[in-house]
Amino acid sequence: GGGDSGSGGDGLEKETITVAALPLVDGAALHVGLKQKLFEAEGLKVQVKPVQQSIQALPALAKGDVDVIAGANYVTFLQAHEKGTLKLSILAEGAALTPNMMNVLVTPDSPIKSAKDLEGRKVAVNIPNNIQSLTLNAILKANNVDPTRIQYIQVPFPQMGAALEKGQVDAIHVVEPFLSDTQKKLGARVVVNGGGEPVTGVPISGYVTTQDFAAKNPKTAAAFQRAMLKAQQAAAGDRKRVEEVLPGYAHIEPQVASVITMPDFPTSVNTTRLQRIVDLMTTAGLLKSKPDLNTIVFQSKA
Amino acid sequence: MTTQTVSARSGRAARPLTRTGRWARGAVGVAALFAASELLGRAGIVDRSYLPPASSVVTRAVELAGDTLFLQYLADTLTAWAAGLGLAIAVAVPLGLLLGSVPAVNAATRAIVEFLRPIPSVALIPLAGLLLGSGLEMKVALIVYAATWPILFNTMYGLAEVDPAGKDTLRVFGFGRLEILLRVSLPSAAPFIATGVRLAAAVALILAVGTEIISGFGDGLGIFIAQAYSVPDGARDVLAGTVWAGALGLVIDAALGGTQRRMFRWHHVRQGGTT
Amino acid sequence: MLEIQNLTHAYADGHVAVRDVNLTVQDGELVSIVGPSGCGKSTLLRCIAGLIRPTEGRIVLDGTPADGVPDNLAVVFQDYSRSLFPWLSVRDNVALPLKRRGMSKAQRREAAMEALESVGLAHAGTKYPWQLSGGMQQRVSIARALAYRPSLLLMDEPFGSVDAQTREDLEDLTLKVRGSDGMTILLVTHDIDESVYVGDRVVVLGASPGHVRADLPVDLPGPRDQISTRELPEFVRLRAEVGRLVRGAGETAAVAK
Amino acid sequence: MLEIQNLTHAYADGHVAVRDVNLTVQDGELVSIVGPSGCGKSTLLRCIAGLIRPTEGRIVLDGTPADGVPDNLAVVFQDYSRSLFPWLSVRDNVALPLKRRGMSKAQRREAAMEALESVGLAHAGTKYPWQLSGGMQQRVSIARALAYRPSLLLMDEPFGSVDAQTREDLEDLTLKVRGSDGMTILLVTHDIDESVYVGDRVVVLGASPGHVRADLPVDLPGPRDQISTRELPEFVRLRAEVGRLVRGAGETAAVAK
Amino acid sequence: MTTTTTPSPAVPVAPGQGRRAARVIGGLTHRWLPFALLIGVWELATRAAESPFFPPPSRIASATHELWLSGPVSRLFLTDLAMDNLLPSLGRMVLALAIAAAAGIALGMALGRSERAMAYLDPLLQFCRAIPPPTLVPVFVVLFDLGTQMQVASIVFSVIWPILLNTADGARSVTPLQMDTAEVFRLSAADRIRHIIIPSALPKIFAGLRLALSLSLILMVFSELLPGTVNGIGFQLTDAQSRSDMPAMWSVIVLLGVLGYLLNTLLLAVERRTLGRRRPADGKGNA
Ligand SMILES: Nc1ncnc2c1ncn2[C@@H]1O[C@H](COP(=O)(O)OP(=O)(O)OP(=O)(O)O)[C@@H](O)[C@H]1O
Ligand SMILES: Nc1ncnc2c1ncn2[C@@H]1O[C@H](COP(=O)(O)OP(=O)(O)OP(=O)(O)O)[C@@H](O)[C@H]1O
Ligand SMILES: [Mg+2]
Ligand SMILES: [Mg+2]
């Protein structure tokens, strides 16, 4: 964990906070906030540690090597919470699904024309039994497609284009910036809008810490939460601000950044919205019982 | 009796290769790999950005040599490598001598050893991270865990192969077990132990880079590769990093091989025969 | 016919083991080679066997310069114990080279057992070399060479590790196979009596570096016999002469008294 | 005093190499051991050296039953080439056992060079064993044993690979160190002349399994001399007798003629 | 001066039935006691620590039983999960190990015996040897089909090295006089390899095989992180990890250990049979 505890200017328990951040569009607000010095305004110094997958940061969070994970995948962390490896505390929301930010693509000459044609086909997802198949299954069900007849194949995002081009899979379920990239390179066609109803607006990731950290450092957590909410507003308000930060931490080139579909950046912490992902997970069997969101969502006492 | 028409073979009497001859042939081998991967990249099986041809990868790798951040990453990886390999040698050789010379200890620990060996250390990264943090200590611990086995095994098998005549000789002069172990068994097993070290050196490098890739945290060549992984068009950087890993391995092995030849001249001269 | 022409061999460390050796051996001849320890006898044999390449000069076999190992060659090495394969039974050690002879497995084994019998090891066929005494191992390596029925046989101190009785028997065996198969034999020995008893000629090498010091024809009548031959005056004369030559040849091997 | 009492040794494969051997050797005595190839001479020496444990019977040294390797022992192995360490120079091979003597490095090297000189290898100290000829390697291993100045010296065919002249020199060297240092020596040899020439006693072993067939005291006068001693009638008589005994002993080693 | 080692008796005294049984039991305790102790310590330590990441062995055992071993007797108690994941994983591993052994021994022979082959291939192989397999995914995706092909290839790529290098070392260090003997008798190249080089290199090859065996289990797990994986032990491991199901994850780790132990025991038995009639390691034929 980063540094000096004790009383700061505003009586913060901890002035330096270490954030593990993923190189995804989801976490853009953190970097927008940094750029606009929103954290400094709250008396916080933020130290960013890049990490490639949110699950990789989980042990570090549990051990206290990092204080917050930015862009933490809710499916993973809600499961960790249920299994007891982590007492989850959500400080701020990161991203929610918007139409076309995550789509199912096929090659231009593919016989697959509609969602129905996916039955009996191989579809590539980054991690099986996670957010992708969860949301896609919900969409397919809503469109009268039997999701159990789809064979999900695990393929990391960077390899999806090659796997699709070589014909190793019939379709790929892919997020930005790979989505735009594959469309550009292969002329790939969208068959399912992965952000469509009924999952539009479902929250997918957030800024999380442990309940332990939040309880020991309530003022710091509150300050971080305030800064993050402002940052989310800034990101949601002007996509240009997001486009500016993407080339830096996410290595997305400016011309790509200007065309990709952005997620929604929720500007409040909302148990009702979070309930949607919990419900989806419970229905799909990814959670055994519904967690008490009121204890999970950090409520500033200030 | 059959008439023997087999022409006289060369073998031992063949003239040994010169240094230049060896280098030239080695270069041919590497060039063949380069050509093959260039062709594969240009074959058009997939988009070029998914698998860039070798020329583009190597160009990028050369560019990286001028990138100070990248060089810093390299230095971090090599630090972990050196520390890990050094510790592995320090652990494995004495342990190998013990297990290889005292069958009772070997039998008593075999169950544990054989149970632990196949456990994939890198799969334990999240757990190792919990105990050791995600920095150098964890990398080194995992490297030691993986690099110990080749040295340990080659030490044990090397000992089993020692000609008993040599050991008997020191025995009759009244030398004790330990001294025989150190003065006869160890030197005669040393060339094979050195092969184990060469195996371990590459394993350690793979572990250093692999741990970085999988832990996704910190600094190092693996982090460079992992970062390149998560963006479109990253394949070129991934493969350029891979070329660096391979090149490091090549240099390290050449250095170890040279040391091995110098240290065990008696072994090689004898094997190589006479002019 | 085996011709050794101006043969010089220097080892990698620069040591000149033999210099300018000339020697011609007729087909079917048995030449004994004697000389002080370290004078280059083994080196000479290794050159003829094609195991090491002469630094200068050449080996000519039946008119063609040899390059590499000659056809139909067998060697009994001085370091016999190391030339046996510990993972093969004694019988299989002897039978292995016969693969080159296009014999079936059964034939090879039979030939091997026959050869083992001829050196008094009929009972040891199924043992492994490390289960044998030194002299027995030496005899296995002799049996291996004989079973192969070479046209050129090089023997480097082949009877050094066996007792007097066995030694005599093996000497007679050598004379016998030479007579029946007509093989050319070069035999290195330290036993001066032996060199005269078995040889058609005795070549005495001198040391530092090895060179031919004398080449004595042995003119003993009729089939040789361990008792009567050794009593012949010619035998006694030759033995004395070879002895004198060897003693004189060992300038460097002098042992401090 | 070395007493061998009812010694029997069977190898792991069940082969009984020696059976019920009894032998007493006084301090300072030089006992020659002869016998047909494979009769168990090396086995006997290995038992005395404590390298293998008798199946029955025991070895008693100066009144105490030996368990393991006796103190102050040196052995010249029959398989000498394997007993040298290829990674050590010749000098270091000879110097290594002297570590047990608590000598400084310089002293060890000096003693080693002295011993090498006594076997005629003064010039070979910096070479490696594999750069030497067979006979030279054998002399290195003799030098190693002598440099150690043991009180009990076991030699298994120590002069088998050297020429006649060197052999005689080494025999005399053995007699000399025995005389000056008073060591007890057991010497296995196939050379019957040698067994009589160097021995205070000649023990003849018989084969299958090895047993003591005869134990002949050698009663030759004064300091021995290669020429005059060998001409003594007693020498000639003993030689003939030992020869007869060895020949008769080799029931199993018979070589087919 | 001290007398040193006491050699073991030349011929073992034939033990009576009772003593033999006692010895077997003694041997078993000797072998397994340290292991049992280790488990005990682990149980106590994890119970004391109460970390959700480190469940006690008893929990792991029950998870193992439930997940893998609660199936019908007719299937050796294997569950559906075990059948669907264990068998494909093991199949791929064994196939890859067989390929690696064949290729590694063949290449190792060439490298060990031919200076020229060595000159051409050595730098190339040393280059490849240091490459972490995960970084080759972009290449593998192009060269191989997703799934079994790619998984097997990636295992082979990693486990071949100890076999190859040890074989080369073994082939290089055949006693020179034995090679001379082969040359003198003009043995064919095949006979030389079969009757001299391989037998002589065999102990070293086995050292390589044993290393490769455990490595192939490890790589089996990694190969199941590759694109296109739909089943397997490693797949279950990452799946359990992503679900934060720690006991399940540990049960996979334990399973890997058990598999490693069993396979190694098997290989050791083969090794003993193959090397059985060689010169005993210590003392000339001394039991
Ligand atoms: N591999 C080698 N490297 C360098 N020198 C060697 C090598 N082998 C032999 N020599 C030297 O060459 C000389 C002749 O050796 P060689 O083995 O031919 O002697 P030899 O006549 O067979 O002696 P011996 O009767 O003792 O066996 C010796 O001085 C020896 O030191
Ligand atoms: N390791 C062993 N295992 C089984 N049998 C053995 C072993 N070593 C020797 N023997 C057998 O024991 C007998 C005696 O062997 P030993 O080496 O003592 O004979 P030796 O008298 O020294 O003969 P040589 O004069 O030929 O050296 C031989 O028949 C031999 O086959
Ligand atoms: Mg010689
Ligand atoms: Mg013997």
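Laboratory data are not the source of any read-out in this text; all were calculated from the coordinates shown. Just so you know, these numbers come straight off a predicted model, no measurement behind them. Cβ sites come from the backbone with ideal geometry, for glycine too, and all protein chains shown count toward neighbours.
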- Quick one: Karplus J couplings for region D:105-112, per residue in order, coefficients 6.51, -1.76, 1.60, θ = phi - 60°, nearest Hz, x for Gly and Pro? 4, 4, 4, 4, 5, 5, 4, 5
- If the viscosity is 1.567 mPa s and the temperature 4 °C, what Stokes-Einstein diffusion coefficient in µm²/s follows for region C:85-149 when Rh is the Kirkwood radius over Cα pairs? 116
- What are the lysines whose alpha-carbon lies under 25 Å from the alpha-carbon of B:Lys167, with same-chain residues fewer than 8 places away excluded? C:Lys127, D:Lys41, D:Lys99, D:Lys105, D:Lys127, E:Lys204, E:Lys284
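Which FRET efficiency, nearest 0.05, do D:Gln107 and B:Thr79 yield, Cβ-Cβ r, R0 56 Å? All intermediate terms of the calculation are to be shown ahead of the outcome.
Details: r = 46 Å, r/R0 = 0.82.
With R0 = 56 Å, the Cβ-Cβ based efficiency is 0.75.
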- Message: Quick check: the distance between the Cα centres of region B:46-106 and region A:168-198, to the nearest angstrom?
- Response: 37
- Message: Please compute the Kirkwood hydrodynamic radius over chain C, one decimal place, Å, based on all pairs of different Cα atoms.
- Response: 18.8
- Top positive-direction residue, dipole computed over the protein assembly as shown with Cβ charges, set B:Val172, A:Val278, E:Ala153: A:Val278
- Item | Equivalent ellipsoid, region C:1-85 (semi-axes from 5 times Cα gyration tensor eigenvalues, Å) | 19, 17, 14
- Task: May I ask what percent, to the nearest 5, of DSSP beta bridges between residues of the protein assembly as shown are antiparallel?
- Result: 55
- Say a paramagnetic label sat at a point 7 Å from the Cα of A:Ala284, along Cα to Cβ; which residues of region A:64-84 have their backbone N under 18 Å from it? A:72-83
- Expressed in µm² per second, the diffusion coefficient of region A:64-219 from the Stokes-Einstein equation, with Rh the Kirkwood radius over alpha carbon pairs, at 10 °C and 1.306 mPa s, is 95
- Task: Select from C:Asp172, C:Asp191, C:Asp62 the residue whose mean-square fluctuation is largest in a Gaussian network model of chain C (Cα-Cα springs shorter than 10 Å).
- Result: C:Asp62
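Beyond 25 Å, what percent of the Cα pairs of region A:1-108 remain? Present the calculation step by step, with values, prior to reporting the outcome.
Values: 1667 of 5778 pairs.
In whole percent, the share of Cα-Cα pairs in region A:1-108 beyond 25 Å is 29.
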- Query: How much mean residue ellipticity at 222 nm does chain C get from its helices, if each DSSP H run of length 4 or more adds -39500 (n - 2.57) and you divide by all residues, to the nearest 500 deg cm²/dmol?
  - Reply: -10500 deg cm²/dmol
- Query: For region E:73-278, what ratio Rg/Rh do Cα atoms give with a Kirkwood hydrodynamic radius?
  - Reply: 1.05
- Note: region C:126-257, point scatterers on Cα, Debye, no solvent; log10 I/I(0) at q = 0.09, 0.10, 0.19 Å⁻¹ equals -0.30, -0.37, -1.19
- Note on the structure: Expressed in angstrom, Rg and Dmax over the Cα atoms of chain B are 23.2, 74
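Over chain A, calculate the relative contact order: mean separation of alpha carbon pairs under 8 Å at least 6 apart, over the residue count, as a percent.
Numbers: 608 pairs, mean separation 84.7, N = 302.
Once normalised by length, the contact order is 28 percent.
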- Item | Selected from B:Ala190, B:Ala82, B:Ala31 as most flexible by GNM, with chain B as the system and alpha-carbon contacts under 10 Å | B:Ala31
- Query: Relative to the Cα centre, what is the charge dipole magnitude of region B:67-264, using +1 at the beta carbon of each Lys and Arg, -1 at the beta carbon of each Asp and Glu, and rounding to the nearest 20 debye?
  - Reply: 700
- Item | Calculated SAXS-style log₁₀ I(q)/I(0) at q = 0.07, 0.11, 0.13, 0.16 Å⁻¹ - chain A, Debye, Cα scatterers | -0.27, -0.65, -0.89, -1.28
- Most mobile of B:Pro191, B:Pro94, B:Pro118 per a Gaussian network model of chain B (Cα springs, under 10 Å)? B:Pro118
- Setting aside same-chain residues fewer than 8 positions from A:Lys35, which aspartates and glutamates have a Cα under 15 Å from its Cα? A:Asp238, A:Glu243, A:Glu244
- Task: Taking the Cα centre of region C:85-149 as origin, sum charge times position over the Cβ atoms of Lys and Arg (+1) and Asp and Glu (-1), and report the length of that vector in debye to the nearest 20.
- Result: 260
- Task: Give the long-range amide H neighbours of D:Ile33: residues separated by 5 or more places, or on another chain, with amide H under 5 Å away, using H modelled in the peptide plane at 1.01 Å from N.
- Result: D:Leu187, D:Val188, D:Thr189, D:Val203
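From the gyration tensor of the Cα coordinates in region A:211-264, what semi-axes in whole Å does the equivalent ellipsoid have, largest first, with each one equal to sqrt(5λ)?
They are 30, 12, 8 Å, listed largest first.
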- Message: Below 14 Å, Cα to Cα, which aspartates and glutamates can A:Lys87 reach? Residues fewer than 8 away in the same chain don't count.
- Response: A:Asp67, A:Asp212, A:Asp292
- Item | For chain A, calculated [θ]222 nm from helices alone, where every DSSP H run of n ≥ 4 adds -39500 (n - 2.57) | -11500 deg cm²/dmol
- How large is the convex hull of the Cα atoms of region E:130-246 per residue, expressed in Å³ as a whole number? 130
- Given region B:121-214 reduced to its alpha-carbon atoms as identical point scatterers, what log10 I(q)/I(0) does the Debye formula return at q = 0.12, 0.19 Å⁻¹? -0.52, -0.81
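Based on the alpha-carbon gyration tensor of region A:145-282, what equivalent-ellipsoid semi-axes (square roots of 5 times the eigenvalues) come out, in whole Å, largest first?
Working: eigenvalues 202, 91, 40 Å².
Values for region A:145-282, descending: 32, 21, 14 Å.
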- Task: Starting from the Cα of B:Leu40, step 7 Å along the direction of its Cβ; do the same at C:Val60; then give the gap between the two resulting points in nm.
- Result: 5.7
- For an R0 of 45 angstrom, estimate the FRET efficiency from the Cβ-Cβ distance between E:Leu69 and A:Ser114 and round to the nearest 0.05. 0.50
- Query: Using the reciprocal of the averaged 1/r over all distinct C-alpha pairs, how large is the Kirkwood radius of region A:50-141 in Å?
  - Reply: 15.7
- Two-decimal Rg/Rh across the protein assembly as shown, once Rg and the Kirkwood Rh are taken from alpha-carbon atoms: 1.09
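Ratio to report: Rg/Rh of region C:1-149, with Cα atoms as the point set and Rh obtained by the Kirkwood method; give two decimals.
Details: Rg = 17.1 Å, Rh = 16.8 Å.
Taking Rg over the Kirkwood Rh, I get 1.02.
Using DSSP, restrict attention to beta bridges with both residues in chain D and report what percent are antiparallel, rounded to the nearest 5. Intermediate values should be presented prior to the final figure.
On the way: 19 of 37 bridges.
Taking every DSSP beta bridge within chain D, about 50 percent pair in antiparallel fashion.
Could you list A:Ile90, B:Ile119 so that the one with the fewest beta carbons within 10 Å of its beta carbon is first and the one with the most is last? Display every interim value, and only then the final one.
Details: A:Ile90 25, B:Ile119 19.
Least to most surrounded, the residues fall as B:Ile119, A:Ile90.
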- So what J values fall out for region D:191-200 if you push phi through Karplus, 6.51 cos²θ - 1.76 cosθ + 1.60 with θ = phi - 60°, rounded to Hz, Gly and Pro as x? 8, 5, 4, 4, 4, 7, 4, 8, x, 7
